[in-house]
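Here the structure comes first, spelled out in structure tokens, and everything after it is commentary.
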Amino acid sequence: MVWNGGKMKTIKSFLSVLTLALSDALTWGAEGVISKVASPSGDYCHLKFPAIREETLYWDRPVLKDASSGDIVDFYGPCDHDPLGKKEILRQRADVQRERSRRLGSD
């Protein structure tokens, strides 16, 4: 079979797209993202990822809970949101403080 330039370019393009898609999927998995769905407009995403383990919230490198724990964050916002990024860490720290204050106030 003789390959002409057009077929070879098509195959190379397909393989490039496939490689990129797989690397994105692996990156999402590495970040702990369970689900990532972009809005039709692409302006925001719906992400699901495990919460950060409470005892690690003040560590230099916090750790996500195991997804099987059931403590899952249901996030709507920027598609590049990092489950272990500064904004998410601060948000979850605030949640923990709020919960502690609520518990202390009810005693």
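Looking at segment 40-56, can you tell me whether even one residue there is of a type outside the set (D, E), modelled with pLDDT of 95 or more and touching a helix residue (DSSP H, G or I) at 6+ places or on another chain (Cβ under 6 Å)? Yes, the conditions are met somewhere in segment 40-56. Of all the residues in segment 56-70, those that are closer than 17 Å to L90 by Cβ and either assigned to a strand (DSSP E or B) or among the charged types (D, E, K, R) (or both) number 3. For segment 78-107, the set of residues classified as in a loop (DSSP other than H, G, I, E, B) and touching a Pro at 6+ places or on another chain (Cβ under 8 Å) consists of P83, L84, listed by residue number.
The values are calculated or read from the model by the stated rules, or taken from the named source; none is laboratory data. In this text the structure is predicted, and so the values were computed from the model without any measurement. When we count neighbours, we look across all protein chains shown, and the Cβ atoms used for this are built from the backbone with ideal geometry, even at glycine.
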